[in-house]
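Scroll down for the structure; my scribbles are underneath it.
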């Protein structure tokens, strides 16, 4: 059965022939799609080549300057390291100063507590200082932790 045969109410179709037509049509469509993609790829490659030609001087200049750029980056990182070490020292000094102030406030509050029995105003001030001491101590500890983290980084 190689042909399409029409009879009174029966249509006979050769499946092999139909599949050949379908496959041929699919091959043609895929071929057209591949040609279109190939044309677009050629255009992209052409654009890249044009871009490289247009910027050849800049690319060459940048490549020639890379050793100087890496030296500058090294100098910058060395400077940042030195500044970081200085900041670490300042942070440690600040933590020590805050700790000293917190200790002084604690000692002062003990002294004032002894005298607070005579006046309610002095008692209120001492209570305030006593309540503030844990917050100051926490702030000092937090500052020390942050300083240690910064030093580790």
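Key figures
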{"quantity": "Two-site FRET efficiency, residue 96 against residue 124, from Cβ-Cβ distance with R₀ of 30 Å, rounded to 0.05", "calculated": "0.50"}
{"quantity": "Three-way shape label, segment 1-110, alpha-carbon gyration tensor, a/c 1.5", "calculated": "oblate"}
{"quantity": "Inter-label distance for residue 62 and residue 143, nm, one decimal - labels placed 7 Å from Cα along Cα-to-Cβ", "calculated": "4.6 nm"}
{"quantity": "Cβ-derived FRET efficiency at R0 35 Å, residue 77 paired with residue 131, nearest 0.05", "calculated": "0.15"}
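No value in this document is a laboratory result; all are computed from the given coordinates. Not measured: the values here are computed from a predicted model. Positions of Cβ are generated from backbone atoms using ideal geometry, with glycine treated the same way; all protein chains shown enter the neighbour counts.
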